[in-house]
1. Between N244 and M161, 0.36 nm times their residue separation minus their Cα-Cα distance comes to what?
2. For the chain, give me the percentage of DSSP beta bridges that are antiparallel, rounded to the nearest 5 percent.
3. Mean Kyte-Doolittle of at least -0.5 and a Cα length of 18 Å or more along the axis: which whole DSSP H helices of the chain meet both?
4. Can you give the accessible area per residue of the chain, in Å², using a 1.4 Å probe?
5. Evaluate the relative contact order of the chain (contact order divided by residue number), counting alpha-carbon pairs under 8 angstrom at least 6 apart; express in whole percent.
6. Using the Kirkwood formula on the Cα atoms of the stretch 394-532, what hydrodynamic radius do you get, in angstrom to one decimal?
7. What is the ratio of the Cα radius of gyration of the stretch 268-427 to 2.2 N^0.38 Å, with N the residue count, to two decimals?
8. For labels at D275 and R197 in the simple 7 Å Cα→Cβ model, what's the distance in nm?
Amino acid sequence: MHTMSIRGGKTGVLLLLAVWLLGGAPKGSPAQKAAKNLQGVPRLGMNLSGPADWNTELPFVDVFRMSRPWISQQKGQPWGKGPPLDLDEFGWVKALQPDCWAETLVCTIDGGHYPSGRYTVLYEGEGELEAWGAGKIAARQPGRLTLEIDSSKGACFLRLMKTNPTNYLRNIRVIMPGFEDFFEQNPFHPVFLERWRGVACLRFMDWMETNNSKVVRWSDRPTPKHATFSERGVPLEWMIDLCNRLKADAWFCMPHQADDDYVRHFARMVKGKLDPSLKIYVEYSNEVWNGIFSQHRWAGDRGRELGFAEKPWEAAWRYTAYRSVQIFGIWEEELGGRDRLVRVLATQAANPFVSEQICSFQEAYRHADALGVAPYISLNVPASGEKLTATEVATWSLDRLLDHVESHSLPLAIEWIQRQKAVADRYGLKLVAYEAGQHLVGVGGGENNEKMTALFHAANRHPRMGTIYERYLQAWEENGGELLCHFSSVGRWSKWGSWGLLEYYDELPEKSPKFLTVMRWAKKLGQPVQSP
């Protein structure tokens, strides 16, 4: 890796002068900070796939943690059309009405891509559980079941048929074969831990269910006592535990509606439990600039109420700066300084104007450390329009698609990196990627073109995708980018995108050229990742 020292001397003076004269640095911009960040130190981080019953990463040995929230059923009614369930504060069913039951799905994963065998089901309280689909009850005793699962049959369903309202059935755990004696001391699957050991940072955007979050108060947060993590997200305690085990920096996304008390309690727990040698990246929500998310509309409304702008999108940009600075201040107070803190202002990679608006509003850049972008290798194809359409792209050969990605999508992504690095330098900020990778996907109805989706999947499996990633990561490195968090870790590909570096927890790495390339890049940078 080639880096350029500009800590002092004639070279540093000339480069700093160039920033001021050519970039037009803001009045009062911290000169030393700007100069220091002209050349970054690249590292690989990772966005972890979110908690859901269809999660194919299988990060937890207790698969009930990913189960779907209870579904109400009633005899004689269509599936899922039972009466509202009587739930406690953690999501456990307290009572069932006559002729009713509750059920949930566990591991809705096809193709046998989760372990078969004997699972141990533990619970507290009194009631009756049944299983169907891929699972059947092999043995029973109070507080314990043996569940025989054949994963080739797809999803496993658990049914709560009876529960005692005075001692209702709760604290269900469904432990994979071989982990009953260890799951309380280590909730993480060893394959998951080993795969991401050596990654510099873990971004928990999806683990926190950040997009469209309903969290406002600290009492709204997920805890280890909740029935499932698929509704509110993974508890902070578990995120901290994972970072400590992997010695990986943590990247947290503060929910867009979260009040100051939530932020303060969150920061206090991190201070008290996270390895003090680890850095903490803090970001306000996720892609508040992006109109598809409720956080954009919410921030726009708040920004207009405060008189920041009349146009809702401009108000959202400026509210992002405003609220980010407030959140950063709370974190600084709770941590007792900024030594461990990386304060991220996130922006739209394709639009440096948005970056300027966020950085400059009320001089937010003075209270931040990094500009966060998502410079995807993008090919978003709609069903109709004046440019490329799904019908046309579906006729392409695989080579033609990859040629287009190499000649159009990749250069555009590199241009975004370069333009955003110029903005970051102007404001004395590091350039980091909150998300990164390929972005071949149908949009605006294009996602329903099955032939195009199959073509995109084939491109993601092709060796040339590995070559494209090599050039992409090299460009990030050469243009001064620092931490790059790939999106995402492991996830099944669909018409909604091919985000996962791998599709399944048990997939052989050699089947994914992009996974091999990313891990080789991290190893070249000196990160102790597993050998690809």
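The values are calculated or read from the model by the stated rules, or taken from the named source; none is laboratory data. Treat the numbers as computed from the prediction; the structure is a model and nothing was measured. Cβ atoms come from the backbone with ideal geometry, glycine included; neighbour counts cover every protein chain shown. For the accessible areas, the whole protein counts, side chains as well, though only heavy atoms, and no ligand, DNA or RNA atoms are used. Shrake-Rupley method; radii C 1.70, N 1.55, O 1.52, S 1.80 Å.
1. Numbers: separation 83, 0.36 × 83 = 29.88 nm, distance 3.97 nm.
Taking N244 through M161 to full extension adds about 25.9 nm, to one decimal.
2. Numbers: 37 of 71 bridges.
Of those bridges, close to 50 percent are antiparallel.
3. The qualifying helices are 9-23, 312-335, 410-426.
4. On the way: 22200 Å² over 532 residues.
It amounts to 42 Å² per residue over the chain.
5. Working: 1182 pairs, mean separation 89.2, N = 532.
Relative contact order of the chain: 17 percent.
6. Values: mean 1/r = 0.0628 Å⁻¹.
About 15.9 Å, per the Kirkwood formula over Cα pairs.
7. Working: Rg = 19.0 Å, N = 160, 2.2 N^0.38 = 15.1 Å.
After normalising by residue count via 2.2 N^0.38 Å, the value is 1.26.
8. A separation of 1.2 nm, rounded to one decimal place.
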